[in-house]
Ligand code: DGL
């Protein structure tokens with residue numbers, strides 16, 4: 001089985017993208033709702049949570065891990081790869097690679113924006129990795145701490161959400177970025193609003209879609225059934241259940257999701 005974890009249900013954008021890219025591939029999802037949000041926590045705390053989450057998924061039979069949470073990926077992925085002896089994918093590398101590919105195709109000077117939680121932006125990982133890949137790309141990063149709560153409230157088309165987005169995106173608009181990385185699990189749900197406010201010509205890079213396509217290519221190279229388990233369906237575990245979480249999960253998958261509290 002494939003194990004996917006996030007701080008809550010936002011990472012279901014990644015699980016959903018995987019379902020689309022790899023039809024038939026089953027997974028175990030863990031959303032650490034009881035300890036969310038991660039985006040405002042320290043790197044040490046996030047690393048401890050990431051370790052617990054991987055141990056939980058391993059105990060349930062995961063043979064490959066996807067860190068769906070950008071905040072966890074930004075501060076914990078490298079350590080987790082050292083600590084655990086199994087393939088660990090995360091949402092950051094594939095999005096960085098996509099920026100690199102687009103920039104290489106265009107040549108010359110290029111500007112990209114990155115938006116995420118405070119933890120992700122403070123880690124500076126997107127900027128570091130993008131520039132390591134292509135020093136000609138200038139990266140402008142912007143923390144957008146209010147967006148997660150707005151998405152969890154279901155305020156996907158509210159006037160207040162549009163105003164806050166305009167405010168967060170203004171510095172990136174002024175810099176005339178050519179692309180914008182959605183460096184947080186929740187932001188794909190705001191994609192139409194973000195696109196309208198950052199500008200039609202800006203290429204939006206969705207880290208959930210990028211990691212799903214990297215995983216799809218990886219699975220295609222493995223013997224059939226390597227990460228499957230016949231007779232077992234995808235399972236969704238959470239460390240707490242709220243009405244808002246149920247609604248967000250349903251919104252992401254377009255169907256009710258059976259959340260199991262552990
Ligand atoms: N999953 C987190 C991320 O992608 C957002 C929610 C949180 O802060 O826990 O960064």
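Each value in this text was obtained by applying a stated rule to the coordinates, not by laboratory testing. Just so we're clear, the structure is a prediction, and the values are computed from it rather than from any experiment. Glycine gets a Cβ as well: all are built from the backbone with ideal geometry, and neighbour counts include every protein chain shown.
Estimated from helices alone, the mean residue ellipticity of the chain at 222 nm is -14500 deg cm²/dmol (sum of -39500 (n - 2.57) over DSSP H runs with n ≥ 4, per residue). Run the paramagnetic zone check for residue 217: 7 angstrom along Cα to Cβ, then residues of the stretch 109-132 with backbone nitrogen under 20 Å. It comes to 126, 129-132, nothing else.
Using alpha carbon centroids, what distance separates the stretch 55-128 and the stretch 223-262, in Å? About 22 Å separates the Cα centre of the stretch 55-128 from the one of the stretch 223-262. If I take R0 = 25 Å and measure r between the Cβ atoms of residue 118 and residue 97 in this structure, what FRET efficiency does the formula 1/(1 + (r/R0)^6) give, to the nearest 0.05? Efficiency, from the Cβ-Cβ distance: 0.55. Rounded to the nearest 10 degrees, the angle from helix 70-83 to the longest Cα principal axis of the chain is 50 degrees. Summarising the label geometry, the points placed 7 Å from Cα in the beta-carbon direction at residue 82 and residue 104 lie 2.8 nm from one another. The angle between the Cα long axis of helix 43-59 and the longest principal axis of the Cα atoms of the chain comes to about 40 degrees, rounded to the nearest 10.
Using per-residue counts of other Cβ atoms within 10 Å, averaged over each peptide, order 140-148, 41-49, 195-203 from highest down. Numbers along the way, then the final one.
On the way: 140-148: 20.0, 41-49: 16.8, 195-203: 15.0.
Per-residue mean Cβ counts within 10 Å order the peptides as 140-148, 41-49, 195-203.
Evaluate E = 1/(1 + (r/R0)^6) for residue 131 and residue 195, where r is the Cβ-Cβ distance and R0 equals 22 Å; express this FRET efficiency to the nearest 0.05. Could the numbers behind the result be given before it?
On the way: r = 25 Å, r/R0 = 1.14.
For R0 = 22 Å, the calculated efficiency reads 0.30.
Take peptides 240-246, 175-181 and line them up by average Cβ neighbours within 10 Å, highest first, as a rough protection proxy.
On the way: 240-246: 15.0, 175-181: 21.1.
In decreasing order of mean packing, 240-246, 175-181 become 175-181, 240-246.
Under the simplified labelling scheme, the residue 48-residue 258 pair shows an inter-label distance of 3.4 nm, with each label point 7 Å from Cα along Cα→Cβ. Here the extension length gained between residue 159 and residue 241 equals 26.7 nm, from 0.36 nm per residue of separation less the Cα-Cα distance. Sorted fewest first by neighbouring Cβ atoms within 10 angstrom, 139, 96, 91 come out as 139, 96, 91. Between helix 92-106 and the chain there is an angle of about 40 degrees, using the helix long axis and the longest principal axis of the Cα atoms. Each residue in 163, 1, 12 was given a count of other beta-carbon atoms within 10 angstrom of its own, and listing them fewest first yields 163, 1, 12.
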